[in-house]
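No value in this document is a laboratory result; all are computed from the given coordinates. Nothing here was measured: the structure is a model prediction, and the numbers come from that model. So basically every Cβ, Gly included, is an ideal-geometry build from the backbone, and we count neighbours across all protein chains shown.
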Amino acid sequence: MGLSDGTIKMSFTILPDDLTAAGEASSSMKKMLNQLGVSPQLVKKAAIAMYEAEINAVIHGGGGIADIIIDGQKIEILIRDEGPGIPDLELAMQEGYSTASDEIREMGFGAGMGLPNMKRYSDELIIHSEVGKGTSVKIIVNFY
Amino acid sequence: MNVREFAEKTGMKVLTGDKGLDKELAGAYVCDLLSWVMSHANKNNAWITVHTHLNVVAVALLTEVACVIIPEGIHVEEPTVNKAMEEGIAILSSDKSAYEICCLAHEFKV
Ligand SMILES: Nc1ncnc2c1ncn2[C@@H]1O[C@H](COP(=O)(O)OP(=O)(O)OP(=O)(O)O)[C@@H](O)[C@H]1O
Ligand SMILES: [Mg+2]
């Protein structure tokens, strides 16, 4: 939805345990960014980072909410869940660390590369997580 | 070489009609760990994977690979084929192994 000051906001619900629908929110954002004429390189960064966060919310967080704000400066993506939280964020950020189940791994997830990818494809990554409360991931991709 | 020419020359079956066949191929990439693919696959690669669920289409779109190749005659679910067609991603099916497909890609200078 476009606001009068040129800021665009979008919200999506991320359903739990529905891996087949996972990616709908990031693909909608991607389409919006393409429509806005954002450079393909930035669209790719934002879409991959958001897809990883969306998948994590489904697999690890029991579903959640995605809020996107696009203004003249940046794309800001906030993904929140009320899942189990991440006990050791530093450990979780390491390449290869994963607690994904065998079933999830059989689908090709669980390489432990999602959080490192979010870091790599964003300009700023801010994660808050509390055990028993949930996790919020903010991904910022700057236009300039 | 584009996806159509590669499929024709190698006798691979195209599962997705005429969708996405004009994309140029540049190299091949084999991996079944989706997040790994998202950090390492290059645009216009032919991505070879044994996964056939819907997320394969999402990953193919995000990485901008030229096509997906499913080796060893593995069956691809209909929803995946439909989604790929909707998004303009070609899925090719081959009876050969991932290794043999890479050899073909090399042979045809993809
Ligand atoms: N939203 C979340 N809620 C709870 N735990 C999480 C969440 N996101 C990540 N984690 C924890 O951090 C670990 C690492 O996450 P990361 O995305 O890097 O890898 P993965 O999801 O296990 O595998 P991949 O992303 O490669 O498919 C997860 O295995 C999980 O233990
Ligand atoms: Mg992950």
Could you compute Rg(Cα) / (2.2 N^0.38 Å) for region B:3-107, with N its residue count? 0.92
Which lysines, if any, have their Cα less than 20 Å from the Cα of A:Lys9, not counting same-chain residues under 8 positions apart? A:Lys30, A:Lys31, A:Lys44, A:Lys45, A:Lys74, A:Lys138
Based on DSSP H assignment, which helices of chain A show an axial Cα extent of at least 20 Å together with a mean Kyte-Doolittle hydropathy greater than or equal to 0.5? A:40-59
Counting each DSSP H run of 4 or more residues in the protein assembly as shown as -39500 (n - 2.57), what helix-only mean residue ellipticity at 222 nm follows after dividing by all residues, to the nearest 500 deg cm²/dmol? -10500 deg cm²/dmol
Per-residue HN-Hα couplings for region A:101-110, Karplus 6.51 cos²θ - 1.76 cosθ + 1.60 at θ = phi - 60°, whole Hz, x for Gly and Pro? 6, 4, 4, 5, 5, 4, 7, x, 8, x
Roughly how big is region B:12-110's charge dipole about its Cα centre, with Cβ charges of +1 (Lys, Arg) and -1 (Asp, Glu), in debye to the nearest 20? 180 debye
Dipole of the protein assembly as shown, positive direction: furthest Cα of B:Gly88, A:Gly112, A:Leu89, with charges on the beta-carbon: B:Gly88
Ranking B:Leu15, B:Phe108, B:Trp47 by how far each Cα lies towards the positive end of the charge dipole of chain B (+1 on Lys and Arg Cβ, -1 on Asp and Glu Cβ), the top one is B:Phe108
How far is the Cα center of region A:77-92 from the Cα center of region B:88-110, in Å? 39 Å
For B:Lys109, which lysines qualify as cross-link partners when the Cα separation must be under 16 Å and same-chain residues fewer than eight apart are set aside? B:Lys9, B:Lys23
A:Ile14 long-range amide H proximity, modeled H, under 5 Å: A:Gly64, A:Ile65, A:Ala66
Cα pair distances exceeding 21 angstrom across the protein assembly as shown, given as percent: 58 percent
Cα to Cα, under 25 Å, and not fewer than 8 places away if on the same chain: which lysines meet these conditions relative to A:Lys133? A:Lys119
Chain A - Kirkwood radius from inverse mean 1/r over Cα pairs (Å): 15.2 Å
Which value, in debye to the nearest 20, describes the size of the charge dipole of the protein assembly as shown about its Cα centre when Lys and Arg Cβ atoms bear +1, Asp and Glu Cβ atoms bear -1, and nothing else is charged? 700 debye
